[in-house]
Amino acid sequence: MILVFSYQYLAARSVKGPGWWLAWSVAETTSSLLMLIRGVPELLPVVILLQNPIIVAGSVFIFIGVVSFFERKVSFRKILAWFSLYYILHVFFFLVIDDSNIRTIILYLGLITTIILSLAVLYRNKTRSIAMTVNALSIILSLHGLIYILRLIMIVAGIESPTMFSSSPVNFVIYFDALIVGLLLAFGFIMLVNQRLNNEIVMAGEKLKQLNAEKDKFLSIIAHDLVSPFNYILGMTDMMVEKDCRLTSDDYRKNATMLNSSARKTYNLLQNLLQWSRLERGLMPFNHAEYKLVGLVNKSLSAVEEGARAKKIGIINVVSDDIIIFTDSAAFETILRNLASNAIKFTAGGGKIIISSGKTDGKMVEISVKDTGIGMSSEILSNLFRIDSQINRQGTEGELSTGLGLIICKEFVEKGSGRIWATSEEGRGSEFCFTVPLSTGMTPDA
């Protein structure tokens with residue numbers, strides 16, 4: 001057991017628990033060695049002072065290993081206080097009142113307690129991937145505890161226990177528990193660690209699939225939304241520089257306007273791609289500070305007002321002017337600018353967009369961007385904020401859309417400890433909502 005757990009401790013550093021189970025196997029071995037020297041009169045007092053506490057310590061190590069395996073917090077202070085109380089009682093009933101029965105009762109109570117606690121942790125934290133092994137371990141631990149309970153009942157009932165090395169059914173059960181059940185427990189813990197490692201491999205495979213999907217999406221965006229505009233720009237400029245090209249000044253102005261619009265859209269897409277790339281690589285710094293919500297909203301909307309005027313869309317800002325938020329200003333402006341631009345893109349001329357501050361729970365405030373646009377189907381709605389789903393839906397005037405802006409919005413919102421969601425119905429507009437933290441102690445009326 002020591003060799004196996006030593007190997008697993010060294011080989012599976014990402015999994016917590018094997019180190020404590022290694023300590024358990026060392027405790028089991030030490031207590032067994034102490035048992036062998038009980039026949040030496042000079043060493044008997046030392047054996048009595050150490051053997052039972054070491055057995056209890058081994059059971060405690062099992063419990064700590066189970067808690068650590070499931071990455072739960074271990075209260076070492078409470079465990080140390082409990083073990084100290086046990087050891088004081090053990091020493092008292094040897095040095096002050098020499099009563100081996102009471103020492104054995106205290107031993108079994110300690111072991112039963114740690115077994116029950118270990119069972120509770122296993123039951124509360126088991127997952128589908130390790131359920132079968134956890135169930136098997138629970139049965140073995142329950143059998144382990146049942147043997148101690150039967151021994152405890154025998155002592156309390158006054159049934160005389162056989163001498164340690166005598167040939168009796170009771171001793172056979174004890175040896176069976178110490179050897180066979182101990183080995184089964186060790187085998188179960190080894191299986192538990194291996195299943196955790198296998199699950200991590202599966203999860204890593206799923207993550208790799210997701211990364212490949214994101215890469216494919218990234219490449220498709222470049223291929224579709226960058227190559228097409230550049231082909232248009234190249235085609236127009238080739239025509240304009242031809243020697244026999246006969247274009248009037250009005251034609252040049254019209255073509256220049258179209259080229260400028262195409263170049264701006266391409267530039268905006270490149271900006272989004274660059275921003276997304278920096279986000280994915282963790283190169284986007286976040287500098288949180290206190291800001292007045294209405295000020296950030298006004299600044300964000302100023303960047304999209306021209307596009308709204310061109311489509312004769314009214315933007316109505318009804319954000320409360322007494323709300324102070326704790327956020328990164330650049331991230332917030334990027335979120336709201338993207339959502340407002342999308343609303344303009346998918347709203348026909350003469351429509352309107354309402355920016356409002358919604359309910360708050362005292363820690364977060366909800367911000368809404370609601371439009372009277374064309375809305376979305378349930379299929380489109382379910383694929384929003386996903387890099388592996390390509391929407392490519394055109395706006396009311398043929399504006400291109402990649403969905404990358406919403407991915408960036410989601411990244412920024414979640415980095416700010418908020419969440420983002422959308423509701424929509426075809427032909428009846430859409431509403432995008434996201435939450436941002438309020439300034440400390442700020443609880444405005446919603």
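Since every read-out is calculated from the coordinates, none of them should be taken as a lab result. Every value quoted in this text rests on a predicted model; they were computed, and no experiment measured them. We place every Cβ from the backbone using ideal geometry, glycine too, and count neighbours over all the protein chains shown.
Some notes on this structure:
- Annotation: amide H-H contacts under 5 Å for L438 (H modelled 1.01 Å from N, sequence separation of 5 or more, or interchain): F326, M364, V365.
- Across the chain, the longest run free of exposed loop sites, meaning GluC sites (Glu not before Pro) lying outside DSSP classes H, G, I, E and B with no more than 14 other Cβ atoms within 10 Å, spans 243-396.
- Gaussian network model of the chain, Cα within-10 Å springs - most flexible of F93, F61, F69: F93
- Computed over the chain: relative contact order in percent, which uses C-alpha pairs under 8 Å that are six or more apart: 10 percent
- Taking the Cα centre of the stretch 2-208 as reference, the dipole from Cβ charges on Lys and Arg (+1) and Asp and Glu (-1) amounts to some 840 debye.
- Burial ordering of W21, W82, fewest other beta-carbon atoms within 10 Å first: W82, W21
- Cross-linked pairs K207/K345; K207/K363; K299/K410; K207/K415; K292/K415: Cα-Cα separations exceed 23 Å for K207/K345; K207/K363.
- Dipole in debye (nearest 20) - the chain, about Cα centre, beta carbon charges: Lys, Arg +1; Asp, Glu -1: 100 debye
- ³J(HN,Hα), Karplus 6.51/-1.76/1.60, whole Hz, each residue of the stretch 371-378, x for Gly, Pro: 10, 10, x, 7, x, 9, 6, 5
- Least to most buried among M364, M132 (fewest other Cβ within 10 Å first): M132, M364
- Proximal charge balance of F70 [Cβ under 10 Å; K/R count +1, D/E count -1]: +4
- Fraction of the pair-distance distribution of the stretch 2-208 above 28 Å, Cα-Cα pairs, percent: 31 percent
- Between L89 and S302, the contour length at 0.36 nm per residue exceeds the alpha carbon distance by 69.1 nm.
- For the chain, the Kirkwood radius over C-alpha pairs fed into Stokes-Einstein at 4 °C and 1.567 mPa s yields D = 46 µm² per second.
- Degrees, to the nearest 10: 227-241 long Cα axis against longest axis of the chain: 20 degrees
- Against the chain, whose longest principal axis is taken from its Cα atoms, helix 249-280 shows a tilt of about 10°.
- Sites E42 and L109 - FRET efficiency at Förster radius 41 Å, r taken between beta-carbons, to 0.05: 0.85
- Listed residues F83, S138, N101: farthest to the positive end of the dipole of the stretch 72-163 (Cβ charges): S138
- HN-Hα J in Hz across the stretch 327-342 - Karplus 6.51, -1.76, 1.60, θ = phi - 60°, x for Gly and Pro: 7, 8, 4, 5, 5, 4, 4, 5, 4, 5, 5, 5, 5, 5, 4, 4
- Label-point separation in nm, A81 to Q394, each point 7 Å along Cα→Cβ: 7.2 nm
- Net charge of neighbours whose Cβ lies under 11 Å from the Cβ of I324, counting Lys and Arg as +1 and Asp and Glu as -1: -2
- Listed by chain and number, the lysines whose alpha-carbon sits under 20 Å from that of K73, ignoring those within fewer than 8 places in the same chain, are K16, K126.
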